[in-house]
Amino acid sequence: QVLMFQNSAPFERSVVNCYPLEQRGRLKALRRLSQISAVRVSSFIYLSQYSANLIDPIVNEKRRPYSVVPLGNDPHFYRREQHLARTFCESRGIRRPFLLCVSQLYRYKNLVELVEGYAGAGAAASYDLVIVGAACDPGYKEDIEAAAKRCGVGKSVWLLGHVERGDLPM
């Protein structure tokens, strides 16, 4: 049996501590369940060396082998005709060049920090910031919107919510 870790959030204390109290319990439970599951496996798969360095010492007391298998790139995302991307954006009111972030809205994704960095870099003068992804953490979308407003880039940050996979290649 092989155990694959897709989410390092339960193993990052700083990430766990940024969640409201009721959600911290969920992450702590995920961490504990991972540790219990790890007892029975013969090896592990991590999506990055960072995750392997963080998680392996916690779950792999017997020093069993592990592999790092990064996520791949889907060629589908390279075949989008430019006029289709323009139509998609214009249908949502986006008319300027933009920076795209595709990520579900979880606190551990640091999207508030992304908005702050975008504002601090002065990118709003030339580019909009388009964030695509479902709001998964209660109240986090509002935190991102508040950060954009606080940083003075509220009109340049677009939170599009869930977008169908076929519309993503822009």
Item checked: Counted residues, the stretch 1-43 - those being outside any helix (DSSP H, G or I), under 22 Å from the mean Cα position of the chain (by Cα) and closer than 16 Å to Pro57 by Cβ -> 4
Next item on the list: Go through Ala148, Ala134 for me and flag whichever is under 16 Å from the mean Cα position of the chain (by Cα) and without any contact (Cβ under 8 Å) to a residue 60 or more places away in the chain.
Entry: Ala134
Notebook entry, point to check: Before we move on, is Val132 among the β-branched types (Val, Ile, Thr) and under 28 Å from Ser8 (Cβ atoms)?
Noted result: yes
Item checked: Matching residues in the stretch 23-39 - criterion: being at pLDDT below 90 and open to solvent by 50 Å² or more (accessible area, probe 1.4 Å) -> Arg24, Arg26
Notebook entry, point to check: Which residues, taken from the stretch 78-105, are over 16 Å from Asp128 (Cα atoms), at pLDDT below 75 and open to solvent by less than 80 Å² (accessible area, probe 1.4 Å)?
Noted result: Arg80, Leu84
Check: Would you pick out the residues in the stretch 109-130 that are open to solvent by 60 Å² or more (accessible area, probe 1.4 Å) and in contact with a helix residue (DSSP H, G or I) (Cβ under 7 Å, 6 or more places away or on another chain)?
Finding: Glu116
Checklist line | Single residue of Lys141, Lys149, Lys155 found to be at pLDDT 90 or above, open to solvent by 60 Å² or more (accessible area, probe 1.4 Å), assigned to a loop (DSSP other than H, G, I, E, B) and among the basic types (Lys, Arg) | finding: Lys155
Next item on the list: Select from the stretch 46-61 the residues that are out of contact with any helix residue (DSSP H, G or I) (no Cβ under 9 Å at 6 or more places or on another chain) and not small (Gly, Ala, Ser) and write down the one among them that is least open to solvent (accessible area, probe 1.4 Å).
Entry: Asp56
Margin query: Please verify whether Gly166 is over 24 Å from Asn17 (Cα atoms) and surrounded by fewer than 16 Cβ atoms within 10 Å (Cβ to Cβ), treating the condition exactly as stated.
Written below: yes
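The values are calculated or read from the model by the stated rules, or taken from the named source; none is laboratory data. Everything numeric here is computed off the predicted structure, so don't read it as measured data. Glycine gets a Cβ as well: all are built from the backbone with ideal geometry, and neighbour counts include every protein chain shown. These area figures cover heavy atoms from the full protein model, side chains too; ligands, DNA and RNA do not enter into them. Shrake-Rupley method; radii C 1.70, N 1.55, O 1.52, S 1.80 Å.
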